[in-house]
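Everything below concerns the one structure shown next.
All of the numbers you see were taken from the coordinates with simple rules; none came from a lab. What you see is a predicted model; the values in this text were computed from it and never measured. No Cβ is skipped: glycine too gets one built from the backbone with ideal geometry, and neighbour counts run over all protein chains shown.
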Amino acid sequence: MPEIKIKTPNLDDIFEKWKQRSVRQDKKKMEKQFGTKGAVFSLDAISAAEYVKDTEKQAAIYFAIKKTVGEVKKDINEKTVLPPKVAKETFYLFKGKGKINKENWKGDEMVPIYDTIQTTPCKNCKGKGYVETKCRTCKGTGKIEEKLQVLTGEEQNKEVKPFSYECSVCFGSGTNVEQCRDCGGYKNLYKYQILPVPFKTVVTGIPVLHSSAQTKYEKEIERDLHQMIEEVEGIRFNDFKDLESKSEASLGYWNKNIKKTISSAGSDFKSYSKDKETQITTQIYLFPMIQMFCETKKGTKFEIYSLGSANKFMIYSNF
């Protein structure tokens, strides 16, 4: 993109535009502040040379975004837990309640949903709550086998005789019953889904303005630019790095406030570019701004701001 230098409005043209608008809005106030007692009031007698005490050159950066608020995520998470953990969880239910306004929502965007809770029999114990294992004491026979030493006859000959009795560990069953380690004896586990909150999808156009003048009119200027961008002339850029490198040459002037403003606007632009819910819908505009410090004949101080080029500019004032 070739370097383009924009011509700022002439101070007399800015002041003249302000005069014409002010007299239409409140002629009596203009007469009171600038009129001479006993003389016929005339706008021709009010000049920038006499009433503009000082000026500053500033700049403004503007672009517009489209923000999709409440777009539902497609992620689905699932948890499987023991019954006591289900009781400790906070669940949500949206069925039949309509869509949720994201701006009013307080909490996470992904939440546990009550009507997704399902019972799942424990696979380890097959829903019994316990597992059976072979008794180690009796080796699964249910009996303890012993050998008795028996002395027989007058000679007291030693003989070994078998002797068995019920195993006291497994109660003669040959198996031990142990609490299932997976389900803790509850027989079942419970699974539920963590789903996105069903937000309303709201698409809004939002103007973004950064001004080095930092006036109280920034919201008003944002609104006007959003509605009447073709009524004011600025330099358009497709890339913020291009704007950063060419802004000083394009404006024909520079100061610390302008540099700081461009840096701040660049940070916002970068953030919006990375935001999945946001789309930048316009080019980036660089506007010259003239800040005029004025004082009426009666000593009332006020300011006039112009935004735009010599060809097309808008004015704002606290008069």
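Would you mind checking the pairs Lys19/Lys312; Lys66/Lys256; Lys97/Lys126; Lys67/Lys97; Lys126/Lys147 and listing those with alpha carbons more than 29 angstrom apart?
Among Lys19/Lys312; Lys66/Lys256; Lys97/Lys126; Lys67/Lys97; Lys126/Lys147, the Cα-Cα distance tops 29 Å for Lys66/Lys256; Lys97/Lys126; Lys126/Lys147.
Which one, Pro162, Pro196, Pro207, has the greatest fluctuation when you compute a Gaussian network model over the chain with C-alpha springs under 10 angstrom?
Taking springs between Cα atoms under 10 Å, the residue moving most is Pro162.
For all pairs of alpha-carbon atoms in the range 241-296, what percent lies in each bin of width 10 Å, listed from the first bin to the last filled one?
Distribution as computed: 17, 45, 25, 10, 2, 0 percent.
Under a point-charge model restricted to the Cβ atoms of Lys and Arg (+1) and Asp and Glu (-1), what is the dipole moment magnitude of the chain relative to its Cα centre, in debye to the nearest 20?
The dipole magnitude comes to about 620 debye.
Let me spell out the model: positive unit charges on the Cβ of Lys and Arg, negative unit charges on the Cβ of Asp and Glu, origin at the Cα centre of the range 240-281. What dipole size does that give, in debye rounded to 20?
160
Starting at the first residue of the range 278-286, write each ³J(HN,Hα) from the Karplus equation 6.51 cos²θ - 1.76 cosθ + 1.60 with θ = phi - 60°, in whole Hz, x for Gly and Pro.
Running phi through 6.51 cos²θ - 1.76 cosθ + 1.60 with θ = phi - 60° gives 10, 10, 7, 9, 10, 6, 8, 9, 10 Hz.
Roughly how tilted is helix 256-274, in degrees to the nearest 10 and between 0 and 90, from the longest Cα axis of the chain?
The answer is roughly 40 degrees.
Angle, helix 11-25 long axis vs. longest principal axis of the chain, Cα atoms, 0 to 90°, nearest 10?
80
From the cross-link list Lys7/Lys246; Lys79/Lys187; Lys79/Lys276; Lys106/Lys200; Lys17/Lys219, which pairs have alpha carbons spaced over 19 Å apart?
Distance filter (> 19 Å) returns Lys79/Lys276; Lys17/Lys219.
If pairing requires two Cys Cβ atoms under 4.7 Å apart, which cysteines of the chain are left without a partner?
Taking the Cβ cut-off of 4.7 Å, the unpaired cysteines of the chain are Cys294.
Multiplying the sequence separation of Glu56 and Lys139 by 0.36 nm and subtracting their Cα-Cα distance, what value in nm do you get? All intermediate terms of the calculation are to be shown ahead of the outcome.
Values: separation 83, 0.36 × 83 = 29.88 nm, distance 9.86 nm.
Residue separation times 0.36 nm, minus the Cα-Cα distance, leaves 20.0 nm.
Once you place label points 7 Å from the Cα toward the Cβ at Lys312 and Asn10, how far apart are they in nm?
That separation, rounded to one decimal, is 2.1 nm.
In whole Hz, what ³J(HN,Hα) sequence does the range 218-228 give by Karplus (6.51, -1.76, 1.60; θ = phi - 60°), x for Gly and Pro?
Working through the residues one at a time gives 4, 5, 5, 5, 3, 4, 5, 5, 5, 8, 10 Hz.
Output wanted: per-residue J couplings in Hz (rounded whole) for the range 180-187, from phi through Karplus 6.51 cos²θ - 1.76 cosθ + 1.60, θ = phi - 60°, x for Gly and Pro.
Values, residue by residue: 5, 6, 6, 9, x, x, 7, 6 Hz.
Starting from the Cα-Cα distance between Glu231 and Asn104, subtract it from 0.36 nm times their residue separation and give me the gain in nm to one decimal.
Residue separation times 0.36 nm, minus the Cα-Cα distance, leaves 42.1 nm.
Along the Cα→Cβ direction, 7 angstrom out, place labels at Ala87 and Leu148. What is the inter-label distance in nm?
Taking the two extended label points, one gets 5.3 nm.
Report, in debye and to the nearest 20, how large the dipole of the range 130-179 comes out about its Cα centre when Lys and Arg carry +1 and Asp and Glu carry -1 on their Cβ. Intermediate results must be reported in sequence, preceding the final value.
Numbers: 7 positive and 8 negative charges, 42 e Å.
For this selection, approximately 200 debye.
Roughly speaking, what is the centre-to-centre gap between the range 251-281 and the range 1-36 when only Cα atoms are used, to the nearest Å?
Cα centroid to Cα centroid, the span is 29 Å.
Please give the calculated 222 nm ellipticity per residue for the chain, where each DSSP H segment of at least 4 residues contributes -39500 (n - 2.57) and the sum is spread over every residue; nearest 500 deg cm²/dmol? Write out the running numbers ahead of the final one.
Values: 7 runs with 75 residues, N = 319.
So the calculated ellipticity at 222 nm is -7000 deg cm²/dmol.
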